[in-house]
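Participant: Before we start, here is the structure in question, set down as C-alpha cells.
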Amino acid sequence: MLAERHAMVERQLRARGIVDERVLAAMERVPRELFVPPELHGRAYADAALPIGEGQTISQPYMVARICEELGLHGTERVLDVGAGSGYQAAVLAELAGEVHSIERIAALADHARELLDAAGYGDRVHVHVGDGSRGLPEHAPFAAIAVAAAAPNLPEALYEQLEMRGRLVVPVGNRWEQLLQVVVRTPEGPAVLRTVPCRFVPLIGAEGFDGR
Ligand code: SAM
C-alpha cells in the first residue's frame with residue numbers, strides 16, 4: 001500500500017499541480033486504505049471518489065489535496081471540516097493544522113469516522129461532531145480555515161461569519177450536479193473570492209444547504 005500511496009501522490013497530485021510540500025507529505029502519511037470500506041481496499045488509491053455507505057463518498061484524493069492546499073495551513077490553526085464522511089480529510093487536516101473539528105449530519109458515519117480516526121492515531125487532534133455543518137460550529141468558532149466537502153447552493157453565511165479575519169473558507173458552490181470550488185477569504189470589506197475550480201460533490205443538506213429530498 002505504501003508504494004500505491006506514493007504513486008498516488010506523484011501521479012495524481014504533484015503531476016496535476018499540487019505544490020505545497022506539507023500537503024504532499026500529509027497525503028503520503030495518511031493511510032487512505034483505513035478509511036475506505038474493506039471490500040474497496042484494493043481501490044483505496046484510485047483516482048476517484050468511492051462509496052462509504054449511506055449514499056455518501058470519500059472524496060477523490062486530488063480534491064482532498066486541493067482543498068487542503070487552498071486553505072494555506074501552517075500547523076497551529078483551528079480548522080472546521082464540514083462533512084466528515086469517512087474521516088479521511090479530517091485526518092489529512094490534522095497533519096496540517098493544530099486542532100480539527102469535523103462535523104457530519106449522519107450519526108452512523110460520524111461514529112464510524114471517530115472510530116477510524118482513533119484507530120489511525122488522530123483521535124486526540126480531531127473532534128467529530130454530529131449536526132448540521134451548514135450552520136458551522138459556533139461554540140468552537142472562530143476558525144482560521146473551514147473546508148466544506150459537500151455542495152452548497154450559495155456561500156454559507158454562517159460559515160463565513162465563523163472565520164477569523166483573513167481566514168479561508170473552501171466550499172463547492174453550485175447546483176446538485178456541478179459546482180465551482182470557491183476559495184474565499186474573510187476581509188474587512190467582505191468575502192473575497194480568490195479562485196474557483198470546477199468540481200462535483202454530493203449536496204450539503206441543511207439550513208444553508210439543499211433540502212433533504
Ligand atoms: N470529507 C469526507 C471524507 O474524507 O470522507 C467526504 C465527505 S462526503 C463527499 C460529504 C459528506 O458531507 C457526507 O458524509 C454527507 O453526509 C455530509 N454532509 C452533507 N450535508 C451536511 C451537513 N449539513 N452537515 C454535515 N455534514 C453534511
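Participant: Those residues that are surrounded by fewer than 15 Cβ atoms within 10 Å (Cβ to Cβ) and within 17 Å of A119 (Cα to Cα), I need them from the range 24-36; list them, please.
Facilitator: R29
Participant: In this structure, is A90 open to solvent by less than 30 Å² (accessible area, probe 1.4 Å), touching a Ser or Thr at 6+ places or on another chain (Cβ under 6 Å), in a helix (DSSP H, G or I) and at pLDDT 95 or above? Break it down into steps so the answer makes sense when it comes.
Facilitator: Numbers: open to solvent by less than 30 Å² (accessible area, probe 1.4 Å): yes; touching a Ser or Thr at 6+ places or on another chain (Cβ under 6 Å): yes; in a helix (DSSP H, G or I): yes; at pLDDT 95 or above: yes.
Yes, satisfied.
Participant: Name the residues in the range 56-72 that are more than 8 Å from the ligand (Cβ to nearest atom) and closer than 14 Å to E33 by Cα, would you?
Facilitator: Step one: filter the range 56-72 for residues more than 8 Å from the ligand (Cβ to nearest atom), giving 60-63, 65-72.
Answer for the range 56-72, where residues must be more than 8 Å from the ligand (Cβ to nearest atom) and closer than 14 Å to E33 by Cα: Q60, P61.
Listed here are the residues, each with its yes/no results for (1) among the aliphatic types (A, V, I, L, M); (2) under 15 Å from the mean Cα position of the chain (by Cα).
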site: V9; (1), (2): yes, no
site: R14; (1), (2): no, no
site: P38; (1), (2): no, no
site: A44; (1), (2): yes, no
site: A65; (1), (2): yes, yes
site: Y88; (1), (2): no, yes
site: E99; (1), (2): no, yes
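Participant: Also, I was wondering about something else. Only one of G75, G98, G83, G53 is open to solvent by 10 Å² or more (accessible area, probe 1.4 Å), touching a helix residue (DSSP H, G or I) at 6+ places or on another chain (Cβ under 9 Å) and away from the ligand (no atom under 13 Å from the Cβ); which? First the steps, then the outcome.
Facilitator: Numbers: G98 fails: touching a helix residue (DSSP H, G or I) at 6+ places or on another chain (Cβ under 9 Å); G83 fails: away from the ligand (no atom under 13 Å from the Cβ); G53 fails: away from the ligand (no atom under 13 Å from the Cβ).
Of the residues listed, the single one that is open to solvent by 10 Å² or more (accessible area, probe 1.4 Å), touching a helix residue (DSSP H, G or I) at 6+ places or on another chain (Cβ under 9 Å) and away from the ligand (no atom under 13 Å from the Cβ) is G75.
Participant: Among what's in the range 125-176 and is of a type in the set (S, T, N, Q) and more than 9 Å from the ligand (Cβ to nearest atom), pick the residue that is farthest from D81 (Cα to Cα). Write out each step before concluding.
Facilitator: We begin by selecting, within the range 125-176, every residue of a type in the set (S, T, N, Q); these are 134, 154, 162, 175.
So of that shortlist, the ones also more than 9 Å from the ligand (Cβ to nearest atom) come out as 154, 162, 175.
Values: N154: 18, Q162: 12, N175: 21 Å.
Per the stated criteria, the residue is N175.
Participant: Quick one: which strands (runs of 3 or more DSSP E) lie wholly within the range 118-213 and hold at least 1 residues that are buried (at least 16 other Cβ atoms within 10 Å of the Cβ) and not hydrophobic (A, V, I, L, M, F, W, C)? If you could, list the steps in order and put the result at the bottom.
Facilitator: On the way: elements: 126-130, 143-148, 163-174, 179-187, 190-199.
The qualifying strands (runs of 3 or more DSSP E) are 126-130, 163-174, 179-187.
The values are calculated or read from the model by the stated rules, or taken from the named source; none is laboratory data. The model shown is predicted, which means the values in this text are computed figures rather than measured ones. Neighbour counts are summed over all protein chains in view; Cβ atoms, including those assigned to glycine, are modelled from backbone coordinates with ideal geometry. Areas reflect the complete protein model, heavy atoms only, side chains present, ligands, DNA and RNA absent. Shrake-Rupley method; radii C 1.70, N 1.55, O 1.52, S 1.80 Å.
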